Amino acid sequence: MIEDCTGLILAGGDSRRMGRDKTLLEIDGKTLLQRAVDALRKVFPQVLVSVRRRRGDVNAPQVLDEIPDAGPLAGVCAGLARAGTPWVFAAAADMPFLDAAPIRALAARRGDFEAVVPVVQGHPQPLAAFYAARALPALRDVLAQPGRRGLRAALERLDVCLVHEDDIRPADPSLRGFIDLDTPGDVAAALGDAARTNP
């Protein structure tokens, strides 16, 4: 267990490209949300779920966005404020194959940084990243501003350790853990991948 960190699942998106609440989609008999909860419980002693409104199907403590409809940054801020630990690991609920090994590899890079963010296929992945509690004031400041309130904009305000693919592959050789499901096509591909992995 990574004792100084809380797992935070971001489940407050509107799933526009999916056309339905993607956290309720099932792979191997579990919803994406339950898979995320189970994955983070293997690594962290406490797991929170960030939601837009209270849900009855969540078997973990829930936190509401500090500013409604303000995107994932609002969920990260709410989670950091609630967690009570020096760190939070924030993960999107639509990453069905994320597991302990790459999370632990990222955790080992924290040091004195304010965030640890993987870079996959050249793109930072702020929805599978560690955030220090001391970064909360800077993140809230970005959240309060008009205009760019995304996590990528917020990272520009922090001292960030970017962890590139070559340093992640020993823990996740195919980078499978960083696959996210945004469209029905993504789900079909993931189901095929799951079937090949678990024949």
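Each residue in segment 138-182 was checked for being over 21 Å from Ala93 (Cα atoms) and charged (D, E, K, R), and 10 pass.
For segment 56-72, the criterion of a residue being within 13 Å of the chain's Cα centre (by Cα) and touching a residue at least 40 places away in the same chain (Cβ under 8 Å) is satisfied by at least one position. One residue stands out in segment 162-173 among those that are more than 15 Å from Phe97 (Cβ to Cβ) and surrounded by fewer than 18 Cβ atoms within 10 Å (Cβ to Cβ): the one that is nearest to the chain's Cα centre (by Cα), namely Leu162.
Rundown of residues vs (1) modelled with pLDDT under 95; (2) under 15 Å from the mean Cα position of the chain (by Cα), yes/no style:
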{"residue": "Ala91", "(1), (2)": "no, yes"}
{"residue": "Phe97", "(1), (2)": "yes, yes"}
{"residue": "Glu156", "(1), (2)": "yes, no"}
{"residue": "Leu191", "(1), (2)": "yes, no"}
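The set of residues in segment 40-79 being at pLDDT 95 or above and open to solvent by 60 Å² or more (accessible area, probe 1.4 Å) consists of Arg41, Lys42, Pro45, Gln46. Of all residues being farther than 15 Å from Gly75 by Cα and modelled with pLDDT of 80 or more in segment 10-26, which is most open to solvent (accessible area, probe 1.4 Å)? Just the residue, please. Ranking the qualifying residues of segment 10-26, first place goes to Glu26. Filtered by the rule that a residue be acidic (Asp, Glu), surrounded by fewer than 20 Cβ atoms within 10 Å (Cβ to Cβ) and farther than 14 Å from Val43 by Cα, segment 80-117 gives a lone residue, Asp112.
Yes/no matrix, rows are residues, columns are (1) at pLDDT below 95; (2) open to solvent by 20 Å² or more (accessible area, probe 1.4 Å):
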| position | (1), (2) |
| --- | --- |
| Val119 | no, no |
| Gly122 | yes, yes |
| Ala128 | no, no |
| Gly150 | yes, yes |
| Ala153 | yes, no |
| Leu175 | yes, no |
| Asn198 | yes, yes |
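The values are calculated or read from the model by the stated rules, or taken from the named source; none is laboratory data. Keep in mind that this is a model prediction, so the values were computed, not measured. Cβ sites come from the backbone with ideal geometry, for glycine too, and all protein chains shown count toward neighbours. The accessibility values were calculated without ligands, DNA or RNA, using every heavy atom of the protein model including side chains. Shrake-Rupley method; radii C 1.70, N 1.55, O 1.52, S 1.80 Å.
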